[in-house]
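Q: Before I ask anything, let me first share the structure, which is written out below as structure tokens.
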Amino acid sequence: MDIFIDQFFNIEIMRKSLPLLITGLWMTLQLCSAVILLGLIGGLFVALGNMSERRWLRWLSIAYTDLFRALPPLVLLIFIYAGLPFAGINISPFAAVVIAFLLNNSSYYAEVYRAGLISVAKGQWEAAQSTGLSPAQTLIYVVLPQAVRNVLPDLLSNTVEVVKLTSLASVISLSELLYNAGMARSVTYNASPLVLAALFYLVLLWPLVRLVSHFQRRLAA
Amino acid sequence: MDRFLQTFFNPVVMAQYTPDIIAGIWVTLQIAAAVIIAGIAGGLLLACLRSYRIKTLNFFIICYADIFRALPPLVVILILYFGFPSIGIQLSGPMVLFIVLAATLAAFAEEIFWAGFSSVEKGQWEAGIATGLGFTRTLAYVALPQAVRLAIPPLVNRVLAITKMTALGSAIGVSEILSSATTAQSFSGSATPLTMSVVAYLVIFLPMVIVARWLESRTAWKKR
């Protein structure tokens with residue numbers, strides 16, 4: 001038992017690695033805000049493409065979402081980070097992570113938005129436009145607020161996935177939370193920094209996971 | 001254009017590394033199958049146990065489901081892979097990958113099945129028990145079939161997301177598709193093996209994505 005506590009819950013080592021982990025957390029938060037913000041915007045455009053009257057735009061949108069939902073995010077990330085330099089395109093680890101996860105996440109967000117847009121009755125579009133609102137105004141002021149409210153739990157649970165996803169950036173040595181914890185582990189030969197990183201993720205995400213469950217129960221009731 | 005093809009679709013490199021990639025596909029499929037079976041079975045068992053409403057037990061089930069839904073799998077993989085040998089537990093890379101992904105899937109599956117159980121009306125439980133089925137048989141014959149039907153679309157999506165995570169094995173030296181490809185890439189000095197891994201993943205997962213889309217559209221129609 002002592003050896004277990006020493007290996008996983010070594011307070012001394014946790015305290016020493018804390019500053020490094022906080023630097024990593026900061027990077028994780030930056031990654032999250034970039035990927036979530038761009039994913040929410042990109043996903044909306046992909047979803048609108050899916051609802052379009054033009055057939056080619058609909059097919060393009062479906063091909064995009066299916067393609068990027070079929071590829072593991074880590075494969076996308078490695079392909080962009082390690083593959084593109086062969087084509088003479090050099091990009092920073094941060095940019096590689098943002099691009100890879102944007103492609104992945106915008107397709108997940110797009111599917112959520114799509115479900116939301118479908119849930120708003122067609123009469124709402126027609127009514128809003130007959131009052132003289134333009135299609136863009138109808139979307140922004142009438143349809144989108146209702147759509148987002150209807151799929152809020154799914155948007156939220158997808159956002160939880162994005163935060164978890166950023167830990168993959170450690171694979172290409174971007175010094176976010178998990179990468180720094182791994183560094184601290186290899187220096188100390190002790191897994192406590194990794195456990196501390198896990199605690200950071202829990203503190204960050206447990207409330208959101210609870211909230212998702214709460215929403216889902218309310219919808220079911 | 002020619003240089004592009006030479007870099008990403010070099011036929012010589014392709015021929016040379018095809019056996020490695022195929023070996024990787026085999027590893028990915030085996031781990032994925034084990035994860036799916038263990039994860040769904042585990043999640044279903046936990047959801048059934050939860051429906052007995054034993055307070056202390058439920059507390060642990062809910063904590064387990066919350067923690068494994070909140071933690072990034074890669075963190076848990078690294079803790080098991082690098083931490084456990086120091087306390088005398090040696091786990092192989094594939095074993096660690098299997099345990100963590102199955103545990104993660106079980107947590108999500110538990111929540112999905114539980115949502116299914118919760119949606120079965122109270123009257124049905126009461127009716128089942130009143131006809132003398134008893135709680136366990138009401139659970140098995142009345143609630144479970146309905147819960148499973150509701151669970152299938154979200155479950156397929158979750159299974160897809162988690163089996164894709166077998167690629168994380170490359171971080172701990174499991175020779176699945178991605179790690180075969182990155183190894184081949186560094187030996188050959190060509191990006192072609194990476195293209196091959198992308199194609200391999202598409203061949204495996206694109207049909208699953210399309211099935212998931214079809215399942216979802218079917219349930220969406222029924223709702224209306």
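The values are calculated or read from the model by the stated rules, or taken from the named source; none is laboratory data. On a predicted model such as this, the values are computed, not experimentally measured, just so you know. So basically every Cβ, Gly included, is an ideal-geometry build from the backbone, and we count neighbours across all protein chains shown. Each accessible area value is taken on the protein alone, full model and side chains, heavy atoms only, with ligands, DNA and RNA left out. Shrake-Rupley method; radii C 1.70, N 1.55, O 1.52, S 1.80 Å.
Q: Report the GluC sites (Glu not before Pro) located in segment B:39-142 that are in a DSSP loop and have at most 14 other Cβ atoms inside 10 Å of their Cβ, or state none.
A: Qualifying residues, ordered by number: B:Glu121.
Q: With everything on Cα atoms, drop me the angle between helix A:11-50 and the longest principal axis of chain A, reported from 0 to 90° to the nearest 10.
A: Tilt relative to chain A: about 20 degrees.
Q: To continue, here is another question. Could you put A:Trp125, A:Trp26 in order of accessible surface area, largest first, with the 1.4 Å probe and the full protein assembly present?
A: A:Trp26, A:Trp125
Q: Carbon and sulfur: what percent of chain A's accessible surface (1.4 Å probe)?
A: The computed percentage sits at 69.
Q: Once you've got the GNM for chain A with C-alpha springs shorter than 10 Å, pick whichever of A:Val46, A:Val163, A:Val209 has the biggest mean-square fluctuation.
A: A:Val209
Q: Another one. Skip the ligands, DNA and RNA, and give the accessible area per residue of the protein assembly as shown with a 1.4 Å probe, whole Å².
A: Heavy-atom accessible area per residue stands at 48 Å².
Q: A follow-up question, please. Anyone know which of A:Leu40, A:Leu60, A:Leu77 comes out most mobile in the 10 Å Cα GNM of chain A?
A: Maximum fluctuation in the GNM of chain A, among the listed residues, is at A:Leu60.
Q: OK, next. Which shape class applies to chain B: rounded if a/c is under 1.5, otherwise prolate when a/b exceeds b/c and oblate if not, where a ≥ b ≥ c are the square roots of the Cα gyration tensor eigenvalues?
A: Numbers: a/c = 3.54, a/b = 1.82, b/c = 1.94.
Verdict is oblate for chain B.
Q: To the nearest 10 square angstrom, what accessible area does B:Lys122 show with a 1.4 Å probe?
A: Counting only protein heavy atoms, B:Lys122 exposes about 150 Å² to solvent.
Q: What quantity of accessible surface, computed with a 1.4 Å probe and excluding non-protein components, is buried in total between chains B and A, in Å² to the nearest 100?
A: Working: alone 12770 and 12680 Å², together 21270 Å².
So the total buried area for this chain pair works out to about 4200 Å².
Q: List the chymotrypsin sites (Phe, Trp or Tyr not before Pro) within segment B:1-93 that DSSP assigns to loop and that have no more than 16 neighbouring Cβ atoms inside 10 Å.
A: Hits after loop and neighbour filter: B:Phe9, B:Tyr52.
Q: Output the relative contact order of segment B:16-179, whole-number percent, from Cα pairs under 8 angstrom with separation of 6+ residues.
A: About 35 percent, as a whole number.
Q: Moving on to the next point. Determine the calculated [θ] at 222 nm for chain A from helices alone, applying -39500 (n - 2.57) to every DSSP H run no shorter than 4 residues and normalising by the residue count; nearest 500 deg cm²/dmol.
A: So the calculated ellipticity at 222 nm is -25500 deg cm²/dmol.
Q: On to the next question. Could you work out the mean projected area of the convex hull around the alpha carbons of segment A:17-220, in square nanometres to one decimal?
A: Values: hull surface 56.2 nm².
So the Cα hull casts an average projection of 14.1 nm².
Q: Sticking with this structure for a sec: Given springs between every Cα pair under 10 Å in a Gaussian network model of chain B, which of B:Ala23, B:Ala65, B:Ala106 has the largest fluctuation?
A: Maximum among the listed residues: B:Ala23.
Q: With every protein chain present, what accessible area does A:Val97 have (1.4 Å probe, heavy atoms only), rounded to the nearest 10 Å²?
A: 0 Å²
Q: Before anything else, pin down the relative contact order of segment A:107-186: Cα pairs under 8 Å, at least 6 apart, normalised by residue count, whole percent.
A: Working: 45 pairs, mean separation 23.3, N = 80.
The normalised contact order for segment A:107-186 reaches 29 percent.
Q: Quick one: angle between helix A:152-165 and the longest Cα principal axis of chain A, in degrees between 0 and 90, rounded to 10, please.
A: The two axes meet at around 30 degrees.
Q: Helix A:192-220 sits at what angle to the longest principal axis of chain A, using alpha carbons and giving 0 to 90 degrees rounded to 10?
A: The two axes meet at around 30 degrees.
Q: Rounded to the nearest 500, what is chain B's calculated 222 nm mean residue ellipticity when only DSSP H runs of at least 4 contribute -39500 (n - 2.57) each, over all residues?
A: Calculated from helices alone, the mean residue ellipticity at 222 nm is -26000 deg cm²/dmol.
Q: Applying the Karplus parametrisation 6.51 cos²θ - 1.76 cosθ + 1.60 with θ = phi - 60° to the phi angles of segment A:91-106, what ³J(HN,Hα) value in whole Hz is obtained for each residue in order, glycine and proline being reported as x?
A: Running phi through 6.51 cos²θ - 1.76 cosθ + 1.60 with θ = phi - 60° gives 10, 6, x, 4, 5, 4, 5, 4, 5, 4, 6, 5, 4, 5, 6, 4 Hz.
Q: Averaged across the residues of B:163-171, what count of C-beta atoms belonging to other chains lies within 10 Å of each residue's C-beta?
A: Numbers: counts 1, 8, 4, 2, 10, 6, 1, 5, 5.
The per-residue average across the peptide is 5.
Q: To two decimal places, what compactness ratio does segment B:2-71 give when its Cα radius of gyration is scaled by 2.2 N^0.38 Å?
A: Working: Rg = 22.1 Å, N = 70, 2.2 N^0.38 = 11.1 Å.
So the Cα radius of gyration is 2.00 times the expected 2.2 N^0.38 Å.
Q: Applying 1/(1 + (r/R0)^6) with R0 = 41 Å to the Cβ-Cβ distance of B:Ser86 and B:Thr18, what FRET efficiency is obtained, to the nearest 0.05?
A: With a Förster radius of 41 Å, E is 0.55.
Q: At a threshold of 8 angstrom on Cα-Cα distance, excluding pairs fewer than six apart, so keeping six or more, what relative contact order does chain A reach in percent? Present the calculation step by step, with values, prior to reporting the outcome.
A: Numbers: 229 pairs, mean separation 69.2, N = 221.
31 percent.
Q: What is the protein assembly as shown by shape, rounded, prolate or oblate, if you read a ≥ b ≥ c off the alpha carbon gyration tensor as root eigenvalues and call it rounded for a/c under 1.5, prolate for a/b larger than b/c, and oblate otherwise?
A: Numbers: a/c = 1.56, a/b = 1.11, b/c = 1.40.
It is oblate, given that a/c is not under 1.5 and a/b is not larger than b/c.
Q: Sticking with this structure for a sec: In whole angstrom, note down how far apart the Cα centers of segment A:134-194 and segment A:39-97 are.
A: One Cα centre to the other: 17 Å.
Q: Taking A:Lys164 as the anchor, which aspartates and glutamates have their alpha carbon closer than 17 Å to its alpha carbon, excluding any fewer than eight residues away along the same chain?
A: Answer for A:Lys164, where 17 Å is the Cα cut-off: A:Asp154, A:Glu176, B:Asp66, listed by chain and number.
Q: Specify the inter-centroid distance of segment B:56-133 and segment B:180-199, based on alpha-carbon positions, in whole Å.
A: Spelled out, the Cα-based centre of one part sits 35 Å from the other.
Q: Length gain on complete extension for the stretch A:Ile89 to A:Ser186, per 0.36 nm per residue less the alpha carbon to alpha carbon distance?
A: Gain in length upon complete extension: 31.7 nm.
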